[in-house]
Amino acid sequence: MTATLERPAPPAPIAPARRRRRLPGPFDSLTLLIAAVLIGIVVVPLGRVLVRMFWVDGALTLDPIRRTLALPGLGSMLLDTLILVVASSALAFVIGVALAWLNERTNARMGLLTDALPLLPFLLPPVAGAVGWTMLLSPRAGLANSWLRDLLGLVGIDLREGPFDINSWYGLILVMAFYAVPFVFMNASAGLRNLDPALEEASRLAGASTWRTLRTVTLPATAPSLGAGFLLAVWFGIGMFSIPAIIGGPAGIDVISVRIVDLLTFTFPPQTDVAIGLSGFVVVFVGLAYWLQMRILRRGRYATLGGKGARARTLDLGKAKWPARVLVLGYVFVSTVLPVIALVLVSLNGFWTPNIRWDNLSFTAVTTAVFDDRTTLTALGNSLGLGLVGGLIGILGAAMISLYVARRRTALARGIDVAVKMPAAVSNMVIAVGILLVLAGTPFFLSGTLLILLIGYLALYLPQASIAADAAVSGVGKELPEASAVSGARPARTFGRVYLPLMVPGLVAGWALLFIRIVGDLTASAILAGTANPVVGFRILEVFTSGSFALLASLSTVLVAITATVLVLVLAYTRRMSKLGVSAGVGGVK
């Protein structure tokens, strides 16, 4: 028996073959290469910023830190930044949680309408929104202020300016909060949907009121989701440039993001070392917010006990249902619709004045201001091209990575997934500064090119592309890909003939999100763009600085019209594809 056991060939020759079979094929190798490039354009610039703070010209030095600490007004700038970020994030937290609770737990819900309405600020580029609010609530020429003064004049109250001033602390905090609300709303809604409703039901049966149940059960149990939303609001606020520059600048509110852009773009020669030192403060702010969230989460235990069949009981608001709905619609009107109205009126009027001559409104003013100005037209063309190409590259690369992560449940795949989503945890301002350091000079010399802008946009908006691709991949079942693999199709053919057609609706929606974010970007544009490679965001900043308000409104209106058109077309396409998919599925079953 011993001889019989020793007769078979030893397993050693088989092991190399198994190892060879485990090596990634051509399609997986291409995916890993794309992942490495996309991760590299984030990690390398971020590392360069951190290294440059202590290592200059091949020697260890603290000179950038000393120059940063000696910057005039540093203390007041840090205090202004802290106040702005904390106050706007707190206000966004209250509004976002309230909207999510009304939508998920009460009969004030209006179906998909209340799912989508709080997210509308995502579709209005911040730079356009800031311009719209300036034209609404500027103390003297603001349209809304003028209309309010006329109404107050009817009751004997005579005001020469105001009553509101957008260039103030409350104006800046309010607009910043409007754009941070979607981050809180999405996370709070997800947390409420995943919460076991039996916990809330038990609290009510014990005699607790609705408010006490919300305060002692719902909010503590959804703390992880709420904390994530607040943290995203902080990250958004610390890296936002356009809103503080347009609204806070005239009010004398100095924040880090605006000062970094001034040092790199509007100072000659550029003070790169000081800008890098200020970027270090941004990293510290973000790190403190993350540390605070972790401490809060570690103090409690959170669990979801219900299964898929568990559904939360809808709270009947009674007579308060319609006032709650009006409150939601009013919020959307104030946060999104009002600034768009201001942009459209000023652009159609041809100049900014509170005395609108309604019979003279014409599209001629828009076409003349935008399409007859060569620089503006070039900037618009560059932004549209970068949006089309950057969105396509970003969403296809993210789709391949998401598919690899879904198919390969390994530590490498999980690490790639975390690294791809990492830019969401880092300020956009820091990444943009790092890209400028790495690519603007030797050996690449990409300063003043569209390529450096494309790389910057891909680095900043990679997490959004990854999340959209994850959703598209999760919608594809396992049966068809497995059938394709069994029939002998290679991974690349399965991706092109099975996965990609089924993922198209989700990928188109993801592309639209990237397109809108890239076309309306001002953070990367303010640092990486210039007169040689103008884009819409940089052009709006130039026009705002020069005071050409009619061109400013017209360009912002065109930007909103483009993003709205893309959104409508994508929604119509995805709805059509979903109907065709349902029909095909029914036909297949028959």
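The values are calculated or read from the model by the stated rules, or taken from the named source; none is laboratory data. Worth saying up front: this structure is predicted, and the values here are computed from it rather than measured. Glycine gets a Cβ as well: all are built from the backbone with ideal geometry, and neighbour counts include every protein chain shown. Accessible surface is based on the protein model in full, side chains and every heavy atom, while ligands, DNA and RNA are left aside. Shrake-Rupley method; radii C 1.70, N 1.55, O 1.52, S 1.80 Å.
Worth pointing out:
- Which numbered condition F445 misses (of (1) free of Cβ contacts under 8 Å to residues at least 24 places away in the same chain; (2) on the phi < 0 side of the Ramachandran plot; (3) of a type in the set (A, V, I, L, M, F, W, C); (4) open to solvent by 40 Å² or more (accessible area, probe 1.4 Å)): (2)
- Within segment 199-216, if we keep just the residues that are of a type in the set (A, V, I, L, M) and in a helix (DSSP H, G or I), the residue that is nearest to T106 (Cα to Cα) turns out to be L214.
- Only one of the numbered conditions (1) at pLDDT below 90; (2) open to solvent by 50 Å² or more (accessible area, probe 1.4 Å) is not met by S76, and that is (1).
- Of everything listed in (1) at pLDDT 90 or above; (2) farther than 29 Å from L263 by Cβ; (3) in contact with a helix residue (DSSP H, G or I) (Cβ under 8 Å, 6 or more places away or on another chain); (4) not charged (D, E, K, R), the single unmet condition for L33 is (3).
- Cross-chain or 6+ apart pairs with Cβ under 6 Å, segment 380-399 first and more than 13 Å from D521 (Cα to Cα) and touching a residue at least 24 places away in the same chain (Cβ under 8 Å), then of a type in the set (S, T, N, Q) and crowded, with 16+ Cβ neighbours inside 10 Å: A398/S466
- Subset of segment 524-556 [in contact with a Pro (Cβ under 9 Å, 6 or more places away or on another chain) and surrounded by fewer than 24 Cβ atoms within 10 Å (Cβ to Cβ)]: E542
- Filter result for A509 (under 20 Å from L124 (Cα atoms), among the small types (G, A, S) and surrounded by fewer than 22 Cβ atoms within 10 Å (Cβ to Cβ)): yes
- From the options A141, A177, A233, A188, residue that is in a loop (DSSP other than H, G, I, E, B), in contact (Cβ under 8 Å) with a residue 60 or more places away in the chain, touching a Ser or Thr at 6+ places or on another chain (Cβ under 7 Å) and surrounded by 15 or more Cβ atoms within 10 Å (Cβ to Cβ): A141
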